[in-house]
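Inspection log for the structure reproduced underneath, given as structure tokens.
Values quoted throughout were computed directly from the atomic coordinates according to the rules given, and no laboratory measurement underlies them. The structure displayed is predicted, hence computed values, not measured ones. As a convention, Cβ positions derive from the backbone with ideal geometry for all residues, glycine included, and neighbour counts pool all protein chains shown.
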Amino acid sequence: MKTLIIVFSQSGQTRKTAECIRDGLVSMQGECDLVELADVDTSVLADYDLVGLGCPVYYYQEPFHVRDFLEDLPDLTDRHWFVFCSHGSIMGITLHTMSERLEKKGAVVVGHYHIYADVCSPFALYPSYTTGHPDEQELEEARSFGMDLADRTPRIAQGEKNLVPALEPPDEELVKEAAALTPEIIKFIIPPYTINRETCIKCRTCETTCPVNGFDIDADPPRVQDPCIGCSYCVMACPTASLEADWSLMAAHNHEHYPYMKKWLDKAAAQGEFRWRMDPDSLDYDDYMYLQHLRKLKEKKSD
């Protein structure tokens, strides 16, 4: 069985998960290609018996450019695919909408998988609720998922029934939350970035980390956040904190947002789907990641 895994990952957590799924597949069938979303050649997808697509969760759903990739795929009638995602608390509707978009192309979605992962966002608290995830137990579960795919997919292709797992409908509350967070709304709530010309060293990290080519620092004036999917990873990746923005308004909502996340994590823990690895009452609401980023750079400079 010839298998391909396509992954979009920024902090590395989703890619680590993809590698474990690949290891599970390889242990059963001997081969599996792994490619970054930005490098995938859609013209070769038909050469594979099974294709997987994985990404982090942004705003309760797949990143907008991943959505666009799915919608631009060619006809996939009777092709076997699987989907997976990593998230910092709430999976939302991600696996559902990814599966639905594939099924509209005619694909048969033979597996779904999600994993808890650490956060990396300017307005996020750190340590956060899922700091320490994914741990080795969860990564081993990802390997087992890959092994299961290798076992079931050929049998599905041979006509065995009842081997395609059902995905429970998403919670209506999360459907509404995701529907409200459109690209237009995200563009409105994310603060505008500016480049500090005095500290920018033109390392081009912002250009290389942006998944939608939203930067051109050589333009006059520099092109910034055009386009933008609202991941904000560029801000945290900038080695000189030269991408400046006011994150205080978004961080102020953490007092509401984190109790909301905890509600879903407590529910998952009660069902045995999540294990607390930190004290949820230990969060410091006054010290979000962007402030920590600035402080670390200042300490490094003073050294």
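Once C-alpha pairs closer than 8 Å and six or more residues apart are averaged by separation and normalised to the residue number of the chain, the relative contact order reads 19 percent.
Legend: translational diffusion of region 3-168 by Stokes-Einstein, Rh = Kirkwood radius over C-alpha pairs, 37 °C, 0.692 mPa s; D = 205 µm²/s. Geometric descriptor of region 1-99, per residue, is 97 Å³ (volume of the convex hull of the Cα atoms). Ellipticity at 222 nm from helices only: DSSP H runs of n ≥ 4 in the chain, each -39500 (n - 2.57), divided by the residue count, give -12000 deg cm²/dmol.
Maximal additional length on extending the Lys2-Glu184 stretch stands at 61.6 nm, based on 0.36 nm per residue less the C-alpha distance. Cut-off 11 Å, label point 7 angstrom out along Cα-to-Cβ of Ala157: give me the residues of region 1-34 whose amide nitrogen falls inside. Counting backbone N atoms under 11 Å from the label point, the list is 1-4. If you plug the beta carbon distance of Ala268 and Asp220 into 1/(1 + (r/R0)^6) with R0 = 45 Å, you get a FRET efficiency near 0.35.
Could you sort the peptides 52-58, 205-211, 294-300 by per-residue average Cβ neighbour count (10 Å cutoff), highest mean leading?
Details: 52-58: 25.6, 205-211: 18.4, 294-300: 11.1.
Ranked by mean Cβ neighbours within 10 Å, highest first: 52-58, 205-211, 294-300.
Each peptide in 182-192, 94-104 receives the mean, over its residues, of other Cβ atoms within 10 Å, and ordering these scores from highest gives 94-104, 182-192.
Rounded to the nearest angstrom and listed largest first, the equivalent-ellipsoid semi-axes of region 12-70 from its Cα gyration tensor are 21, 16, 9. Here the Karplus relation 6.51 cos²θ - 1.76 cosθ + 1.60, evaluated at θ = phi - 60°, turns the backbone of region 181-190 into coupling constants of 9, 7, x, 5, 5, 4, 4, 6, 8, 6 Hz, with x for every Gly and Pro. With the simple spin-label model, which puts each label point 7 Å out from Cα in the Cβ direction, the Cys203 to Asp284 separation comes to 2.4 nm.
Rounded to the nearest 20 debye, the dipole magnitude of the chain is 240 debye, with +1 charges on Lys and Arg beta carbons, -1 on Asp and Glu beta carbons, and the Cα centre as origin. Listed by Cβ neighbour count within 10 Å, with the fewest neighbours leading, Ser11, Ser86 appear as Ser11, Ser86. Cross-linked pairs Lys16/Lys187; Lys104/Lys262; Lys105/Lys263; Lys262/Lys300; Lys176/Lys298; Lys105/Lys262: Cα-Cα separations exceed 32 Å for Lys104/Lys262; Lys105/Lys263; Lys262/Lys300; Lys176/Lys298; Lys105/Lys262. The phi torsions of region 42-54, fed into the Karplus equation with coefficients 6.51, -1.76 and 1.60 and a -60° offset, translate into couplings of 5, 6, 9, 4, 5, 7, 9, 7, 8, 10, x, 9, x Hz, rounded to whole numbers, with Gly and Pro shown as x.
According to the calculation over all Cα-Cα pairs in region 173-302, the P(r) per 5 Å bin from zero is 2, 8, 15, 18, 17, 16, 12, 8, 4, 1, 0 %.
Which semi-axes, in whole Å and largest first, does the equivalent ellipsoid of region 46-90 have when worked out from the alpha carbon gyration tensor as the square roots of 5 times its eigenvalues?
On the way: eigenvalues 105, 32, 9 Å².
Over the Cα atoms of region 46-90, the ellipsoid semi-axes are 23, 13, 7 Å.
Divide the volume of the convex hull around the Cα atoms of the chain by the residue count and you get 150 Å³ per residue. For the options Asp39, Asp286, Asp118, a Gaussian network treatment of the chain with springs between C-alpha atoms closer than 10 Å singles out Asp39 as fluctuating the most. Report Rg/Rh for region 108-180, rounded to two decimals, where Rg is the Cα radius of gyration and Rh the Kirkwood radius. A ratio of 1.10. Given q = 0.12, 0.21 Å⁻¹, what are the Debye log10 I(q)/I(0) values for region 182-256, with equal point scatterers placed on the Cα positions and solvent ignored? The calculated log intensity ratios at q = 0.12, 0.21 Å⁻¹ are -0.33, -0.95. Couplings 3J(HN,Hα) for region 264-276, derived from phi with the Karplus relation 6.51 cos²θ - 1.76 cosθ + 1.60 (θ = phi - 60°), are 6, 5, 4, 5, 5, 5, 5, 8, x, 9, 8, 10, 5 Hz, where x marks Gly and Pro.
Projecting the Cα atoms of Ala251, Cys206, Thr182 onto the charge dipole of region 173-302 (Cβ charges, centred on the Cα centre) puts Cys206 farthest toward the positive pole. Amide H contacts for Leu34 (H built 1.01 Å from N in the peptide plane; partners 5 or more residues away or on another chain; cut-off under 5 Å): Ile5.
Segment Asp72..Glu140, full-extension length gain: 21.2 nm, with 0.36 nm per residue of separation and the alpha-carbon distance subtracted.
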